[in-house]
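Written out below as structure tokens is the structure these notes cover.
The values are calculated or read from the model by the stated rules, or taken from the named source; none is laboratory data. In this text the structure is predicted, and so the values were computed from the model without any measurement. With ideal geometry, Cβ positions are generated from the backbone for all residues, glycine too; neighbour counts draw on all protein chains shown. For the accessible areas, the whole protein counts, side chains as well, though only heavy atoms, and no ligand, DNA or RNA atoms are used. Shrake-Rupley method; radii C 1.70, N 1.55, O 1.52, S 1.80 Å.
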Amino acid sequence: MQEQEPNKDPQRQGGGENGFNWKGLILLFIAMSLFALAIWSKSFSDASKNLNYAEFKELVVEGKIQDDSKRESQGGPDAKARMLLRLGQKDGSAKQYITGWYEVENPAENGGNKYSEFTTPVILEYVGDDLKVLLAENSLQISDLPTDADGIGMMMMSFYMPIFFLLILLYFLFRHQIKAAGKGAMSFGKSKAKLMSMDKSKITFKDVAGIEEAKEEVWEIVEYLRDPKKFQKLGGHIPKGVLMVGSPGTGKTLLARAIAGEAEVPFFSISGSDFVEMFVGVGASRVRDMFEQGRKSAPCLIFIDEIDAVGRHRGHGMGGGHDEREQTLNALLVEMDGFDSQEGVIIIAATNRPDVLDPALLRPGRFDREIRVGLPDVKGREQILQVHAKKVKLAEGVDLGVIARGTPGYSGAELANVINESALLAASKGLKAITLAEMEESRDKVRWGKERRSLALSDKEKANTAYHEAGHAILNELLEHTDPLHKVTIIPRGPALGVTMFLPLEDKYTHRKYELLDGLVVAMGGRVAEEIVFGDVTNGASGDIRQASDIARKMVCNWGMSEDLGMVDYGESQEPVFVARDVGSQRTYSEATAQKIDDEVKRLIDEAYEKATNLINKHRAGLEAIAQALLLYETINGAHVREIMEHGSIQNPPDVPTPPDLPAEPETKPVVAEEKEDNGGEDFSGELAPA
């Protein structure tokens, strides 16, 4: 779909692309040309040499001034040269001027011309008699200009007319600019909604995967837009508004475009932030104009993205008062309440913060239906990967199901990024098709970041990271209620120096108590291994400690998994906070209960640490073998770990990694101390925490 403006922008009328005023530029160019012409004609007319009366008499006596009658009688090549001696007014003063041509001494200095024009100012009241005698003695005569009035008229035509045209052009130029500016000022209240035109590459439900339930809910909207009478016969009313709620990247905007593509109706798209301006009343005016456009184009869809920018809860402003955003929301509420659903215009809005929306916006009659667009499950992720894989070339035998199982919690946008990164990685390697190895590398890159093989780690730090990750891996294999181990690596990736990854067989929406307790033990494995092997600990377990503490506190406060505290919710919700509303909230339990909660959380962590210590001490040989394999191969998968646990060594070892090729240009030395201080060997085994 391509974007086009539903109405012409008044600021762009008469202009070119992007509102550039070509008409004004052309008028300005013509005006400046006429002005330059006037200046040039003035300077050209004043190009004659000014002679005083004494110099004029000297030239007459020397015979260097001749009129046309004498030149024509003498003949020759210059006989037709203008030698007219004229007497007339040159301006409106009392002075008069004698103009004509005189013979120069050096024609080379005069551009090769033998004659040059001269001008001599005279006052006939004083030199009139002397001038007549002088001209009579030298057989010269003065031919007056036609009339003084005609001379002044010619001067006006030659000099003042270009200036006159200049003023007229400037008048039209400024008039056009002022008119355009006035229209631009009045266009502040116009809606910025963009009309998406349907073309051959329109988006349909075939391009939307992984959210089948949401597609089913909006399908009746498509049917209504195709055949409104089908619903009107039975007296049913289609929802006036549909609110799509979901995490970022789950496909809310894509689903709205697919509705318009399937129904083949006009689709207006606007962002919530486009309503709010610095001028009071602009947002409300744009709301009214948007609904007016919708009525003219009915049946149609109006999509408001990020509606929480304008639809936030009223009365919770930190500064108080009636601000512009609330006025815009009031206009939106009034328009939706008076919006007849029979007009065939449906409002679709999207947000990932429904908790901050005003309750009046969510009541029946405005946004009648709320559609949850959640993260895709394993089947949905595979379908999304298949949709995006059609645009790239995959190698034969690539199982997208493996990637789908290894991407729990990924949104549709992240899965699209995985496919794109795979194509870029395969192209950089010079491959003809994308293999499973590039897909897995791209999956890890999207979630944790790119491998940092060039990071300069000492042998001691590598050994510490190897034992840390080996502690996680061996406990994951020893415990019963854990997800299968996928792979272990000590190659730095993103902020972590090593990663242990688990690959669940299926998506989990509930977590059993025993699974959570075993997850706490696995989280403690890295710190326990460091303490047992080196007799010291590092800050590399900060991520594990934070993750384990969060799970233990939820078990106690939210999930009722503590025998001492029972099945009571102690208000430790992790939902997003709306500061203007929740800033004054207080906990609902006493200090004594808070102390019991802290004691219970610490007990769960201590028991998990003790169990991890006992298991690693019992299987110390396996820990050593896994750590040494990591130091040799850097990355091993779950099958290699199981071979070590069963046979004491890897039966099918992977290839020994080769050092990466460094670029030719000098590199800046990495600040190893800062990397260690921030995250150390944090483990990002994301499947430990519940979704």
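Before moving on, here are some points about what is shown:
- The phi-based Karplus calculation (6.51 cos²θ - 1.76 cosθ + 1.60; θ = phi - 60°) puts the 3J(HN,Hα) values of region 612-620 at 5, 5, 5, 5, 5, 4, 6, 10, 5 Hz, whole numbers, x for Gly and Pro.
- Each label was represented as a point 7 Å from its Cα along the Cα-to-Cβ direction; for Leu167 and Arg603 these points are 9.9 nm apart.
- Computed Rg/Rh of region 344-461, alpha carbon atoms with Kirkwood Rh: 1.16
- Working note: Cα gyration tensor of region 389-512, eigenvalues times five, square-rooted, sorted largest first, giving semi-axes of 26, 21, 12 Å.
- J(HN,Hα) series, region 397-409, from Karplus relation 6.51 cos²θ - 1.76 cosθ + 1.60, nearest Hz, glycine and proline x: x, 6, 9, 5, x, 5, 5, 5, 5, x, 10, x, x
- What the phi angles of region 467-482 give under the Karplus curve with 6.51, -1.76 and 1.60, with θ = phi - 60°, is a coupling list of 5, 4, 5, 5, x, 4, 5, 5, 5, 4, 7, 7, 7, 7, 9, 10 Hz, glycine and proline written as x.
- Tail weight of P(r) past 15 Å, computed on alpha-carbon pairs of region 339-404, percent: 68 percent
- Taking label positions 7 Å along the Cα-Cβ direction at both Asp227 and Asp564, the computed distance is 6.6 nm, reported to one decimal.
- Other-chain or far-sequence residues with amide H under 5 Å of Arg369's (modelled H): Gly241, Leu243
- Distance from the alpha carbon centroid of region 459-491 to that of region 365-397 works out to 32 angstrom.
- Distant-in-sequence amide H partners of Ile348 (H built 1.01 Å from N, under 5 Å): Val242, Ile302, Phe303, Ile304
- Point-to-point label distance, Ala592-Phe205, nm (Cα→Cβ direction, 7 Å offset): 5.9 nm
- Lys64 accessible area, 1.4 Å probe, all protein chains in place, Å² to nearest 10: 40 Å²
- Accessible area ranking (1.4 Å probe, heavy atoms, ligands and nucleic acids excluded), largest first, for Ser297, Ser139, Ser562: Ser139, Ser297, Ser562.
- For region 225-305: rounded, prolate or oblate by the Cα gyration tensor [a/c cutoff 1.5]: oblate
- Between Leu424 and Lys49, the FRET efficiency from the beta-carbon distance, with R0 = 45 Å, is close to 0.05.
- Amide H partners (placed H, <5 Å) of Phe275, local residues excluded: none
- Cβ-Cβ FRET estimate between Thr253 and Arg295, R0 fixed at 35 Å, reported to 0.05: 0.90
- Alpha carbon centroid spacing (whole Å) that separates region 421-435 from region 599-631: 40 Å
- Charge context of Met555, other residues only, Cβ under 9 angstrom, K/R +1, D/E -1: +2
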